[in-house]
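The values are calculated or read from the model by the stated rules, or taken from the named source; none is laboratory data. Everything numeric here is computed off the predicted structure, so don't read it as measured data. Because the Cβ atoms are built from the backbone with ideal geometry, glycine has one as well, and the counts that use them run over all protein chains shown.
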Amino acid sequence: MHKTLKKYFPLIRERESILAEINSNKSLSKTFNSWPTDFQNEFLDICTGTKGIKITYDSFFKEIFNAEYNAPVLNAFISALLGQEVKVLQVLPNDGTRMADEESLLITDIVIELEDGSIANIEIQKIGYLFPGERAACYSADLLLRQYKRLRDRRKKNFKYSEMRPVYTIILFEHSPEEFHKYPH
C-alpha cells in the first residue's frame, strides 16, 4: 500500500531511511529504542504510510475536532449525530471538577456551547468499559451545572430554570463494551 501512497506523496520515506535518521541521532535513538517493539513498528508504519493515524488517539482526535480553528468539521459532525443543524458558538474552558469529597477529577475533552445555548462535551475513549453509563451521567451533570452557573451569572435575579437548554455528552469508543450493544439505536 505505501508504494501506491509514495507515488502520490513523494515525501513518504522508506523504513530503512527513517531508521537511519533515528540511529544517526543519539537522543532520537535512545527515545526510539526505549519504546516497546510494537510501538516502534507502529511509528514506522505511520511514517512510511503503511498505516494511518488512529482517530481514537486522544491527541489526534482533539486536533481534528478542534473547535477553535476547525469549527466547520465539528459543526457537521455534531449536526449529523443530533440530526439537526447546530453551530458551535464557543469553546468553554476545560475545567477539572472535583467529584464531592473524592479525589477523582472529572476532566472533559472538548466542551462547547452551541448556538441555542445547549452545551456538549465530546469524548474519545479507546477502551469503552472505562467510560460506563454512570460516568457519562456524571459528565452530563457537570455540563448542567456549568450551564446553570453561566445562565445565573448572566441573568442575575431574572434567571428562570425554563431557560436551561439540553446538554449532550457524546462519547466515541474504539471498542464499545457489551452493555452498549443492547441499545443499537
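Structure above, values below:
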quantity: Residue match in the stretch 116-129 (condition: acidic (Asp, Glu) and touching a strand residue (DSSP E or B) at 6+ places or on another chain (Cβ under 8 Å)); calculated: yes
quantity: Subset tally (residues that are charged (D, E, K, R) and at pLDDT 85 or above) for the stretch 117-149; calculated: 3
quantity: Number of positions in the stretch 140-168 that are closer than 18 Å to Gln90 by Cβ and of a type in the set (S, T, N, Q); calculated: 1
quantity: Residues of the stretch 7-20 satisfying the condition of being under 21 Å from Ile53 (Cα atoms), in a helix (DSSP H, G or I) and free of Cβ contacts under 8 Å to residues at least 12 places away in the same chain; calculated: Lys7, Tyr8, Glu16, Ser17
quantity: Single residue of Lys6, Lys54, Lys26, Lys30 found to be surrounded by 14 or more Cβ atoms within 10 Å (Cβ to Cβ) and on the phi < 0 side of the Ramachandran plot; calculated: Lys6
quantity: Number of the exception - Glu21 against (1) modelled with pLDDT of 85 or more; (2) surrounded by 15 or more Cβ atoms within 10 Å (Cβ to Cβ); (3) not assigned by TED's automatic domain parsing to the domain that holds Val111; calculated: (2)
